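Step one of this worksheet: look at the structure below.
The values are calculated or read from the model by the stated rules, or taken from the named source; none is laboratory data. Keep in mind it's a predicted model, so treat the numbers as computed, not measured. In this analysis, Cβ positions are derived from the backbone assuming ideal geometry, glycine residues included, and neighbour counts consider all displayed protein chains. For accessibility, only protein heavy atoms count, side chains too; no ligands or nucleic acids. Shrake-Rupley method; radii C 1.70, N 1.55, O 1.52, S 1.80 Å.
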Amino acid sequence: MQKAPERLIDDNGLRLDGRRPEDLRPTELQVGVLENADGSAYIEQGKNKIIVGVYGPREIHPKHMVIPDRAAIRCRYRMAPFSTEERKNPAPSRREIEISKVIRESLEPAVMSEYYPRTVIDIFIEALQCDGGTRCAGIVAASLALADAGISMRELVSACSAGKVAGQIVTDLFDLEDKYGEADMPVALMPNLNKVTLIQMDGKLSREEFEKAFEMALEGCRKLRGLQTEALKRRYQQATTAEQPQQDSEEVK
Amino acid sequence: MTLYVEKRQVVTPGELLAQGDYYPDLNTFREGENIYSTMMGIFDHRGNRLSVVPLKHCYIPFVDDPVIGRIVDVGMSGWAVDINSPYPALLPATEVMGRQHPPRRETGKIFEVGDLIKAKVVAADRTRDPLLTTRDRGLGKITRGRVIRISPSKIPRLIGKEGSMINMLKKESSCSLNVGQNGIVLVTCENPEKEELVIDVIRMIEREAHTQGLTDRVLELVKSKFKGERVAEST
């Protein structure tokens with residue numbers, strides 16, 4: 001087991017992983033990583049590694065789940081047994097079921113489900129390696145996967161957490177800060193529409209601290225939104241250019 | 001009235017396209033003064049109408065669409081057909097045999113589970129499952145040829161403006177091509193090697209659907225391919 005660190009923020013105001021309070025972890029996004037899913041995305045955020053597959057809109061089974069005027073959205077968040085320091089029991093835990101639900105609810109306002117009545121959209125979020133803030137990373141990747149699947153969306157959803165660590169307000173907490181800090185607050189935002197779709201908090205913040213943390217979380221969401229757009233456009237360029245050499249070699253033979 | 005993106009530019013969901021007096025058409029929506037895209041695709045506008053041509057989407061059936069499907073269930077008075085869409089299609093026996101009484105327990109003798117059929121959509125709204133018919137020229141069971149699946153969003157490109165692409169392909173390859181709006185294409189040639197070549201060309205069109213001057217490049221490719229094939233045959 002990890003030991004509690006003596007100090008979460010050093011004399012220079014840097015955090016345990018060398019970030020300043022307002023810095024996000026280095027984030028890499030990839031779209032279209034799975035061949036068999038309708039849409040997919042992969043996110044690496046610091047030590048977090050999450051892969052998301054989206055299937056649908058497709059026929060819904062069991063039939064009693066049909067919603068006559070819109071698509072049902074099912075979401076499953078799952079942590080791999082090897083994703084944490086100590087082996088996680090592969091059975092769905094209370095925590096995973098709850099996170100599945102809040103992620104679904106944070107994505108529902110973005111998906112234009114009324115375009116696909118009586119169908120279902122399935123979202124599978126697999127956390128391969130976890131280091132705090134996986135629900136936010138999951139939301140970021142899931143909205144990319146939905147866009148990749150060609151599902152109509154009002155806006156991509158970005159998510160970022162903010163919280164209080166050693167008396168300071170910081171963004172994008174990682175595992176140790178989450179465990180030994182004073183508060184953690186994940187926020188999901190549709191940046192272009194400026195609408196919040198998820199806000200949770202555990203720990204305690206004063207009103208002023210809350211307002212500061214909220215503003216910092218929104219700023220983090222906006223930064224991630226830029227990365228999301230980039231990742232999607234990169235995917236499109238791949239689709240156009242990657243095939244070019246292959247075509248040339250065909251002409252040679 | 002401001003337009004923020006240019007024609008043929010790639011847009012992503014939630015991207016601001018324009019502000020002011022524009023009309024949001026396919027895959028766009030209005031929120032107050034702003035018009036946003038809802039899909040990853042290519043922006044297009046005709047006059048005041050803004051639309052986005054998606055790179056990928058699922059097939060939603062519309063009336064009169066030609067489709068190619070697979071029989072998945074045989075019932076007393078009709079068939080259930082998989083048409084590569086979120087909605088399973090129904091093919092009633094009366095739409096196959098005409099107004100005569102639907103013969104009981106005879107449906108299995110006409111189409112079996114797994115049969116591929118060419119059909120046309122006769123009724124479709126998203127509140128009920130779409131209905132198909134095979135009562136038209138050229139429709140019915142597929143007996144020979146090869147069937148491939150491409151993305152439904154690439155079908156308009158494969159057909160081309162007023163059929164320019166598909167007619168060119170038919171003429172150059174002297175094969176019969178049936179394109180279902182649901183992204184399924186039937187290729188029938190006199191020999192399997194030729195079918196293979198045509199499928200290669202279709203795959204190329206699918207890959208490069210969003211590039212310009214595609215018809216000319218395809219024409220070149222087709223000509224070189226079929227010339228090569230003729231040489232191979234003679235040796």
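Of B:Glu190, B:Glu196, all but one fail to be at pLDDT 85 or above, open to solvent by 80 Å² or more (accessible area, probe 1.4 Å), more than 14 Å from chain A (Cβ to nearest Cβ) and on the phi < 0 side of the Ramachandran plot; the exception is B:Glu190.
Looking across the stretch A:154-163, the residues that are facing chain B (nearest Cβ under 7 Å) and crowded, with 24+ Cβ neighbours inside 10 Å come down to A:Glu155, A:Leu156. The stretch B:1-105 holds strands (runs of 3 or more DSSP E) entirely within its bounds, and those carrying 2 or more residues that are away from chain A (no Cβ under 14 Å) and within 30 Å of B:Val185 (Cα to Cα) map to B:41-46, B:66-74, B:78-82, B:89-92.
Residue check: is A:Glu22 under 21 Å from A:Ala217 (Cβ atoms), part of a strand (DSSP E or B), out of contact with any Lys or Arg (no Cβ under 7 Å at 6 or more places or on another chain) and open to solvent by 70 Å² or more (accessible area, probe 1.4 Å)? It is false that A:Glu22 is under 21 Å from A:Ala217 (Cβ atoms), part of a strand (DSSP E or B), out of contact with any Lys or Arg (no Cβ under 7 Å at 6 or more places or on another chain) and open to solvent by 70 Å² or more (accessible area, probe 1.4 Å). Screening A:Glu219, A:Glu208 for residues that are of a type outside the set (A, V, I, L, M), open to solvent by 70 Å² or more (accessible area, probe 1.4 Å), closer than 30 Å to B:Asn34 by Cβ and modelled with pLDDT of 95 or more leaves exactly one candidate, A:Glu219. Among the residues making up the stretch A:164-196, a single one is assigned to a strand (DSSP E or B), of a type in the set (Gly, Ala, Ser) and more than 14 Å from chain B (Cβ to nearest Cβ): A:Ala183. So which of B:Arg30, B:Arg70 is of a type outside the set (S, T, N, Q), surrounded by fewer than 21 Cβ atoms within 10 Å (Cβ to Cβ) and touching a residue at least 12 places away in the same chain (Cβ under 8 Å)? Of the residues listed, the single one that is of a type outside the set (S, T, N, Q), surrounded by fewer than 21 Cβ atoms within 10 Å (Cβ to Cβ) and touching a residue at least 12 places away in the same chain (Cβ under 8 Å) is B:Arg70.
Close Cβ contacts (under 7 Å, 6 or more residues apart or on different chains) running from residues in the stretch A:131-146 that are among the polar types (S, T, N, Q) to residues that are open to solvent by less than 10 Å² (accessible area, probe 1.4 Å) comprise A:Thr134/A:Asn48; A:Thr134/A:Ile50; A:Thr134/A:Ala127; A:Ser143/A:Leu107; A:Ser143/A:Ala110; A:Ser143/A:Leu156; A:Ser143/A:Val157.
Against the conditions (1) in contact (Cβ under 8 Å) with a residue 40 or more places away in the chain; (2) touching a strand residue (DSSP E or B) at 6+ places or on another chain (Cβ under 8 Å), where does A:Asp175 fall short? Just the number, please. Unmet for A:Asp175, out of (1) in contact (Cβ under 8 Å) with a residue 40 or more places away in the chain; (2) touching a strand residue (DSSP E or B) at 6+ places or on another chain (Cβ under 8 Å): (2). If you go through the stretch A:35-49 and keep only what is in contact with a strand residue (DSSP E or B) (Cβ under 7 Å, 6 or more places away or on another chain), within 28 Å of A:Glu86 (Cα to Cα) and open to solvent by 20 Å² or more (accessible area, probe 1.4 Å), you end up with A:Tyr42, A:Glu44, A:Lys47, A:Lys49.
The condition of being open to solvent by 20 Å² or more (accessible area, probe 1.4 Å), more than 19 Å from A:Ala127 (Cα to Cα) and either more than 22 Å from the chain's Cα centre (by Cα) or not charged (D, E, K, R) (or both) does not hold for A:Gln30.
Within the stretch B:139-187, restricting attention to residues that are assigned to a helix (DSSP H, G or I) and on the phi > 0 side of the Ramachandran plot, the residue that is least open to solvent (accessible area, probe 1.4 Å) is B:Gly163. Scanning the stretch B:33-65 for residues that are over 26 Å from A:Gly39 (Cβ atoms) and surrounded by fewer than 15 Cβ atoms within 10 Å (Cβ to Cβ) yields a count of 7.
Quick one: would you say A:Arg225 is away from every other protein chain (no Cβ under 14 Å), part of a helix (DSSP H, G or I) and either touching a Phe, Trp or Tyr at 6+ places or on another chain (Cβ under 8 Å) or open to solvent by less than 50 Å² (accessible area, probe 1.4 Å) (or both)? So A:Arg225 does not fit the description; no. If you go through the stretch A:121-138 and keep only what is within 14 Å of chain B (Cβ to nearest Cβ) and either modelled with pLDDT under 95 or buried (at least 24 other Cβ atoms within 10 Å of the Cβ) (or both), you end up with just A:Ile121. If the condition is being surrounded by fewer than 17 Cβ atoms within 10 Å (Cβ to Cβ) and among the acidic types (Asp, Glu), then the stretch B:199-216 contributes B:Asp200, B:Asp216. Pairs meeting the criteria (first residue in the stretch B:87-100 and modelled with pLDDT of 85 or more, second residue of a type in the set (Ser, Thr, Tyr) and in a helix (DSSP H, G or I), beta carbons under 7 Å, at least 6 apart or on different chains) are B:Ala93/B:Thr107. The set of residues in the stretch B:127-138 that are touching a residue at least 40 places away in the same chain (Cβ under 8 Å) and either open to solvent by less than 20 Å² (accessible area, probe 1.4 Å) or not in a strand (DSSP E or B) (or both) comprises B:Pro130, B:Leu132, B:Thr133, B:Thr134, B:Arg135, B:Gly138. Scanning the stretch B:1-19 for any residue that is at pLDDT below 95, among the hydroxyl-bearing types (Ser, Thr, Tyr) and exposed (fewer than 13 other Cβ atoms within 10 Å of the Cβ) turns up at least one such residue. Filter the stretch A:96-118 down to the residues that are within 14 Å of another protein chain (Cβ to nearest Cβ) and among the small types (Gly, Ala, Ser) and list them by number. The answer is A:Ala110, A:Ser113. Of all residues in the stretch A:50-69, which are outside any strand (DSSP E or B) and open to solvent by 30 Å² or more (accessible area, probe 1.4 Å)? A:His61, A:Pro62, A:Lys63, A:His64, A:Met65, A:Val66, A:Ile67, A:Pro68, A:Asp69 - these are the residues of the stretch A:50-69 that are outside any strand (DSSP E or B) and open to solvent by 30 Å² or more (accessible area, probe 1.4 Å).
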